[in-house]
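Participant: Here you go, one structure.
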Amino acid sequence: MHAVTRPVTEFGEELHTLVRDMFATMRAADGVGLAATQVGVDLAVFIYECPDADDVVRLGVICNPVVTLPEGKDRNLEAAEEGCLSYPGGYQSLARPDRSSCTGQDAFGAEVTVDGTGLLARCLQHETDHLNGMVFGDRLSGRSRRALDKKVGELAYRYPDDWPVSPKVKAAPLPVA
(Lines give C-alpha, C1' and ligand atoms only; values in the text may rest on other atoms or scores of the structure.)
Protein backbone atom coordinates (compact mmCIF):
# COMPACT_ATOMS: atom_id res chain seq x y z
CA MET A 1 0.00 0.00 0.00
CA HIS A 2 2.99 2.33 0.24
CA ALA A 3 4.15 1.98 -3.36
CA VAL A 4 3.48 4.57 -6.05
CA THR A 5 1.40 3.16 -8.90
CA ARG A 6 2.10 2.97 -12.65
CA PRO A 7 0.20 5.32 -14.96
CA VAL A 8 -2.69 3.84 -16.93
CA THR A 9 -1.67 3.84 -20.61
CA GLU A 10 -4.11 1.29 -22.06
CA PHE A 11 -7.84 1.94 -21.82
CA GLY A 12 -9.17 -1.35 -23.17
CA GLU A 13 -11.12 -4.37 -21.98
CA GLU A 14 -8.56 -5.37 -19.33
CA LEU A 15 -9.01 -1.99 -17.60
CA HIS A 16 -12.80 -2.17 -18.01
CA THR A 17 -12.87 -5.62 -16.38
CA LEU A 18 -10.74 -4.32 -13.50
CA VAL A 19 -13.09 -1.36 -13.02
CA ARG A 20 -16.19 -3.61 -12.99
CA ASP A 21 -14.55 -5.91 -10.44
CA MET A 22 -13.53 -2.93 -8.31
CA PHE A 23 -17.12 -1.61 -8.25
CA ALA A 24 -18.35 -5.05 -7.13
CA THR A 25 -15.69 -5.18 -4.40
CA MET A 26 -16.38 -1.64 -3.19
CA ARG A 27 -20.12 -2.27 -3.01
CA ALA A 28 -19.64 -5.59 -1.19
CA ALA A 29 -17.58 -3.73 1.41
CA ASP A 30 -20.06 -0.83 1.69
CA GLY A 31 -17.32 1.60 0.63
CA VAL A 32 -17.54 4.89 -1.25
CA GLY A 33 -14.22 4.62 -3.10
CA LEU A 34 -11.58 2.05 -3.99
CA ALA A 35 -8.08 2.35 -5.44
CA ALA A 36 -6.55 -0.34 -7.63
CA THR A 37 -3.74 -0.80 -5.10
CA GLN A 38 -6.32 -2.05 -2.60
CA VAL A 39 -7.06 -5.01 -4.87
CA GLY A 40 -3.41 -5.74 -5.59
CA VAL A 41 -3.08 -3.90 -8.91
CA ASP A 42 -0.37 -1.25 -9.23
CA LEU A 43 -2.23 0.98 -11.71
CA ALA A 44 -3.15 4.62 -11.08
CA VAL A 45 -6.92 4.18 -11.16
CA PHE A 46 -9.67 4.56 -8.60
CA ILE A 47 -13.44 4.38 -8.57
CA TYR A 48 -16.01 6.18 -6.44
CA GLU A 49 -19.72 6.12 -5.69
CA CYS A 50 -19.95 8.84 -3.12
CA PRO A 51 -22.27 11.65 -2.02
CA ASP A 52 -21.15 15.27 -2.23
CA ALA A 53 -22.03 18.02 0.25
CA ASP A 54 -25.54 18.24 -1.28
CA ASP A 55 -26.09 14.45 -0.82
CA VAL A 56 -25.97 13.91 -4.59
CA VAL A 57 -24.31 10.53 -5.19
CA ARG A 58 -21.56 10.88 -7.78
CA LEU A 59 -20.14 7.82 -9.53
CA GLY A 60 -17.06 7.48 -11.68
CA VAL A 61 -13.61 6.23 -12.59
CA ILE A 62 -10.44 8.32 -12.59
CA CYS A 63 -7.20 7.13 -14.14
CA ASN A 64 -3.95 9.00 -13.52
CA PRO A 65 -5.57 11.39 -11.03
CA VAL A 66 -4.12 14.72 -9.96
CA VAL A 67 -5.83 16.45 -7.03
CA THR A 68 -5.82 20.22 -6.66
CA LEU A 69 -6.71 21.68 -3.26
CA PRO A 70 -7.74 25.22 -2.35
CA GLU A 71 -5.02 27.47 -0.99
CA GLY A 72 -4.87 30.54 1.23
CA LYS A 73 -8.17 32.06 2.30
CA ASP A 74 -10.08 29.59 0.08
CA ARG A 75 -8.74 26.61 2.08
CA ASN A 76 -11.15 25.37 4.75
CA LEU A 77 -10.22 22.25 6.71
CA GLU A 78 -13.03 20.00 7.86
CA ALA A 79 -12.37 17.36 10.51
CA ALA A 80 -14.50 14.24 10.06
CA GLU A 81 -14.41 10.53 10.78
CA GLU A 82 -12.57 8.75 8.01
CA GLY A 83 -12.33 5.04 7.35
CA CYS A 84 -10.63 2.86 4.81
CA LEU A 85 -11.22 -0.60 3.41
CA SER A 86 -7.54 -1.22 4.22
CA TYR A 87 -8.35 -0.61 7.91
CA PRO A 88 -11.55 -2.68 8.24
CA GLY A 89 -13.78 -1.38 11.00
CA GLY A 90 -11.43 1.42 12.02
CA TYR A 91 -12.28 5.11 11.87
CA GLN A 92 -10.46 8.22 13.05
CA SER A 93 -11.06 11.94 12.75
CA LEU A 94 -8.86 13.57 10.10
CA ALA A 95 -8.90 17.18 8.91
CA ARG A 96 -8.87 17.61 5.12
CA PRO A 97 -9.82 20.48 2.81
CA ASP A 98 -13.60 20.54 2.27
CA ARG A 99 -13.20 21.02 -1.49
CA SER A 100 -10.99 19.35 -4.05
CA SER A 101 -10.71 19.06 -7.79
CA CYS A 102 -9.43 15.90 -9.44
CA THR A 103 -8.35 15.68 -13.07
CA GLY A 104 -7.39 12.59 -15.04
CA GLN A 105 -8.92 10.25 -17.61
CA ASP A 106 -12.02 8.07 -17.53
CA ALA A 107 -11.94 4.34 -18.32
CA PHE A 108 -11.91 5.14 -22.07
CA GLY A 109 -9.07 7.68 -21.90
CA ALA A 110 -11.19 10.83 -22.17
CA GLU A 111 -10.10 13.77 -20.01
CA VAL A 112 -12.25 14.28 -16.88
CA THR A 113 -12.42 16.76 -14.05
CA VAL A 114 -14.40 16.07 -10.89
CA ASP A 115 -15.00 18.90 -8.44
CA GLY A 116 -15.82 17.52 -5.02
CA THR A 117 -17.39 18.92 -1.89
CA GLY A 118 -18.16 17.24 1.41
CA LEU A 119 -17.48 13.51 1.53
CA LEU A 120 -16.70 13.44 -2.20
CA ALA A 121 -13.87 15.96 -1.69
CA ARG A 122 -12.46 13.71 1.04
CA CYS A 123 -12.86 10.61 -1.14
CA LEU A 124 -10.99 12.15 -4.10
CA GLN A 125 -8.09 13.05 -1.79
CA HIS A 126 -8.13 9.69 0.02
CA GLU A 127 -8.13 7.54 -3.12
CA THR A 128 -5.47 9.64 -4.86
CA ASP A 129 -3.33 9.26 -1.73
CA HIS A 130 -3.54 5.46 -2.17
CA LEU A 131 -2.20 5.72 -5.70
CA ASN A 132 0.68 7.88 -4.45
CA GLY A 133 1.70 5.32 -1.83
CA MET A 134 -0.08 6.81 1.19
CA VAL A 135 -2.89 5.50 3.40
CA PHE A 136 -5.02 7.74 5.59
CA GLY A 137 -3.38 6.31 8.72
CA ASP A 138 -0.13 7.94 7.55
CA ARG A 139 -1.78 11.36 7.93
CA LEU A 140 -2.78 10.78 11.57
CA SER A 141 -0.92 11.82 14.69
CA GLY A 142 0.89 9.03 16.54
CA ARG A 143 -1.86 8.84 19.17
CA SER A 144 -4.66 8.68 16.60
CA ARG A 145 -2.78 6.08 14.56
CA ARG A 146 -2.33 3.86 17.63
CA ALA A 147 -6.06 4.19 18.40
CA LEU A 148 -6.90 3.25 14.80
CA ASP A 149 -4.58 0.23 14.88
CA LYS A 150 -6.07 -0.87 18.22
CA LYS A 151 -9.64 -0.67 16.92
CA VAL A 152 -8.75 -2.57 13.73
CA GLY A 153 -7.05 -5.23 15.86
CA GLU A 154 -10.09 -5.58 18.13
CA LEU A 155 -12.34 -6.12 15.10
CA ALA A 156 -9.99 -8.32 13.06
CA TYR A 157 -11.95 -11.49 13.99
CA ARG A 158 -14.89 -10.13 11.96
CA TYR A 159 -12.93 -9.76 8.71
CA PRO A 160 -11.79 -12.93 6.87
CA ASP A 161 -8.47 -12.72 5.02
CA ASP A 162 -10.32 -12.46 1.70
CA TRP A 163 -12.82 -9.80 2.90
CA PRO A 164 -14.84 -8.36 1.21
CA VAL A 165 -15.04 -11.39 -1.11
CA SER A 166 -16.21 -13.32 1.96
CA PRO A 167 -18.60 -11.32 4.14
CA LYS A 168 -17.54 -10.06 7.53
CA VAL A 169 -18.65 -12.09 10.54
CA LYS A 170 -21.70 -10.69 12.27
CA ALA A 171 -21.09 -9.25 15.72
CA ALA A 172 -21.99 -11.47 18.63
CA PRO A 173 -25.46 -10.69 19.98
CA LEU A 174 -25.70 -8.89 23.28
CA PRO A 175 -26.52 -11.13 26.25
CA VAL A 176 -30.14 -11.13 27.34
CA ALA A 177 -30.67 -10.17 30.98
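The values are calculated or read from the model by the stated rules, or taken from the named source; none is laboratory data. Given the structure is predicted, the values throughout are model-derived calculations rather than measurements. Note that each Cβ is placed from the backbone with ideal geometry, even for glycine, and that neighbours are counted across all protein chains shown. Just so you know, the surface numbers come from the protein's heavy atoms only, side chains and all, with ligands and any DNA or RNA stripped out. Shrake-Rupley method; radii C 1.70, N 1.55, O 1.52, S 1.80 Å.
Participant: I'd like the projected area of region 86-177, averaged over all directions, using the convex hull of its alpha carbons. Report it in nm² with one decimal.
Facilitator: On the way: hull surface 36.1 nm².
Mean projected area for region 86-177: 9.0 nm², to one decimal.
Participant: Further, regarding this structure: If I compute solvent accessible area with a 1.4 Å probe over the protein chains, what percent of it on the chain is carbon and sulfur? Walk me through the numbers before you get to the answer.
Facilitator: Values: 5280 of 9930 Å².
Of the solvent-accessible surface of the chain, carbon and sulfur hold 53 percent.
Participant: Now a separate question. Leaving out ligands, DNA and RNA but keeping every protein chain, what accessible area does L69 have, in Å² rounded to the nearest 10, with a 1.4 Å probe?
Facilitator: It works out to around 60 Å².
Participant: Let me ask something additional. Rank E14, E127, E81, E49 by accessible area, highest first, at a 1.4 Å probe radius?
Facilitator: Values: E14 160, E127 10, E81 120, E49 55 Å².
My answer, sorted largest first, is E14, E81, E49, E127.
Participant: Sticking with this structure for a sec: Using the Cα centre as the reference, give the magnitude of the dipole from point charges on the C-beta atoms of the chain (Lys, Arg: +1; Asp, Glu: -1; all else neutral), rounded to the nearest 20 debye. The partial results should precede the final answer.
Facilitator: On the way: 18 positive and 26 negative charges, 170 e Å.
In total the dipole reaches around 820 debye.
Participant: To continue, here is another question. Go through (1) 1.76; (2) 0.96; (3) 1.06 and flag the label whose value is the computed Cα Rg over 2.2 N^0.38 Å for this structure.
Facilitator: Here the calculated entry is (3).
Participant: Next question. Rounded to the nearest 0.05, what FRET efficiency is calculated for E71 and V176 with R0 set to 35 Å and r the Cβ-Cβ distance?
Facilitator: Details: r = 56 Å, r/R0 = 1.60.
Using R0 = 35 Å, I get an efficiency of 0.05.
Participant: If you stretched the chain out fully between V39 and K150, how much longer would it get, using 0.36 nm times the residue separation minus the C-alpha to C-alpha distance?
Facilitator: Values: separation 111, 0.36 × 111 = 39.96 nm, distance 2.35 nm.
Extra length from V39 to K150 when fully extended: 37.6 nm.
Participant: Let me ask something additional. Anything in the chain that counts as a DSSP H helix reaching 18 Å or more along its axis (C-alpha) with Kyte-Doolittle mean of at least -1.0? List them, would you?
Facilitator: Details: long enough: 13-28 (22 Å, -0.13); 118-131 (21 Å, -0.21); 142-155 (20 Å, -1.16).
Long hydrophobic helices here: 13-28, 118-131.
Participant: So, one more: At 7 Å along Cα-to-Cβ for each site, give me the label-to-label distance between S93 and E49 in nm.
Facilitator: 3.1 nm
Participant: Same structure again: Considering only C-alpha atoms, what is the centroid distance from region 1-64 to region 73-142, in Å?
Facilitator: 13 Å
Participant: Can you tell me how much longer the chain between A28 and R6 gets when fully stretched, taken as 0.36 nm per residue apart minus their C-alpha distance, in nm with one decimal?
Facilitator: Taking 0.36 nm per residue and subtracting the Cα distance, the gain is 5.3 nm.
Participant: Just the accessible area for V169, please: 1.4 Å probe, Å², rounded to the nearest 10?
Facilitator: Approximately 70 Å² of V169 is accessible to the 1.4 Å probe.
Participant: Translational diffusion coefficient, Stokes-Einstein: compute it for region 1-103 using the Kirkwood radius over C-alpha pairs as Rh, at 20 °C and 1.002 mPa s, and state it as an integer in µm² s⁻¹.
Facilitator: Numbers: Rh = 15.1 Å.
Estimated via Stokes-Einstein, D reaches 142 µm²/s.
Participant: Go through K150, K168 and list them by solvent-accessible area, largest first, probe radius 1.4 Å.
Facilitator: Working: K150 130, K168 95 Å².
Most to least solvent-accessible, the answer reads K150, K168.
Participant: With a 1.4 Å probe and every protein chain left in place, tell me how much accessible area H126 has, in Å² to the nearest 10.
Facilitator: About 10 Å², ignoring ligands and nucleic acids.
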